[in-house]
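What follows is a set of notes on a single structure, which appears directly below.
The numbers here are math on the coordinates, done by the rules we state, and not lab data. Remember, it's a predicted structure, so these values are computed and weren't measured experimentally. Don't worry about glycine lacking a Cβ; one is built from the backbone with ideal geometry, like all the others, and counts go over all protein chains shown.
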Amino acid sequence: MTVRYKIAEAARMAGVSASTLRLWESQGLIEPIRSESGQRLYEEHHVERLKHISWLRSSKGLNPAAIRESLLETREEEASEPARLQHPEAEPDIGQKIRHLRREAGRTLEAVSTATGISVSMLSTFERTSQGLSFTALHDLVAYFGTTLAALSGQEDKGSGESLIRNGEWAEWPRSSSGVTVQILSEGKNQMECHRFVLAPGASSEGAYRHEGEEFIHVLSGQLEIILDGDRFFELGPGDSFYFESRRPHSWRNAHDGETVLLWINTPPTF
């Protein structure tokens, strides 16, 4: 038989007052059962939720909006738990690692959204699926947390020095941007990031970004349009090479009606 508690009993078990429970209900943090007479009733799962809300408020100092977000994330994680249990050896994906970094930093989705310009809904989707961000947005997001995609993807865990990768045996960055495949040509924490970019028709950076360092691009096939400083346009075809300083705002797109393949080198590693 399911045990149900009246508001005074539930409040005592959660270590708060009955008026606090009414306040939390008005803030959308808890939704008790209502009897036919309108009396609030709480089951065991409600009490556990109340205890968690109390902990988030007192120990973490979260406001109601942040508490709602945390509760939502907890439900999403519980919903995905069966899949993780089936594959316990699976490495956390990029989205999960970003969520971990955000929580470690004590940031809400709203705070990250304000700082990066990426919408809350897009951030939430990315944390759950590792999908949905443009190349530019992904760059801004990892930079906000003071890391690189290479570090998050485990590329830097391969040591340094020698790195031999045979033709066609390239590992790939986790795919997040539509139509952009980034293949790793050298592993390890080195002074250069060497990648093979494969851009589907219509693929682009979807905006300009910049960072410290220098970049070199060599077009293997297709056509690439590079825009520097917002007003300097360069069309690159097969065999063309291009060097520029990364601190200049730059954006790019596949200007070919087919696939474009590039050799792209950055130094120092900043993505």
Residues other than residue 256 with Cβ under 15 Å of its Cβ, Lys/Arg counted +1 and Asp/Glu -1, net out at -4
Residue 21: net charge of surrounding residues, Cβ under 15 Å, Lys/Arg +1, Asp/Glu -1, itself excluded? +4
Would you mind pulling out the separation of the Cα centroids of segment 1-73 and segment 227-246, in Å? 57 Å
Quick one: if you stick a label point 7 Å off each Cα along the C-beta vector at residue 225 and residue 54, how many nm between them? 6.1 nm
Quick one: dipole size for the chain, taken about the Cα centre, charges +1 on Lys/Arg Cβ and -1 on Asp/Glu Cβ, in debye to the nearest 20. 1380 debye
Quick check on packing: order 62-73, 250-261 by the mean number of other C-beta atoms within 10 Å, highest mean leading. 250-261, 62-73
Modelling each spin label as a point 7 Å along the Cα-to-Cβ direction, I'd like the residue 192/residue 162 distance in nm, to one decimal. 1.8 nm
With n ≥ 4 as the cut-off for DSSP H runs, can you work out [θ] at 222 nm for the chain, using -39500 (n - 2.57) per run divided by the number of residues, rounded to the nearest 500? -11000 deg cm²/dmol
Could you work out the Rg to Rh ratio of the chain, with Rh taken as the Kirkwood radius (inverse of the mean 1/r over all Cα pairs)? 1.12
Taking the square root of 5 times each eigenvalue of the Cα gyration tensor, what semi-axes in Å does the equivalent ellipsoid of segment 2-51 have, largest first? 14, 13, 10
If R0 = 22 Å, then residue 151 and residue 119, at their Cβ-Cβ distance, give a FRET efficiency to the nearest 0.05 of 0.30
Apply the Karplus parameterisation 6.51 cos²θ - 1.76 cosθ + 1.60, with θ equal to phi minus 60°, to every residue of segment 9-19 and state each ³J(HN,Hα) to the nearest whole Hz, in sequence, with x for glycine and proline. 5, 5, 5, 5, 5, 8, x, 9, 8, 4, 5
Once Lys and Arg get +1 and Asp and Glu get -1 on their Cβ, which of 234, 252, 165 lies farthest toward the positive end of the dipole of segment 159-267? 165
Ordered by residue, what ³J(HN,Hα) values in Hz, to whole numbers, does segment 41-57 give under the Karplus form 6.51 cos²θ - 1.76 cosθ + 1.60, where θ = phi - 60° and Gly and Pro are x? 10, 10, 9, 4, 5, 5, 4, 4, 5, 4, 5, 5, 4, 4, 5, 4, 6
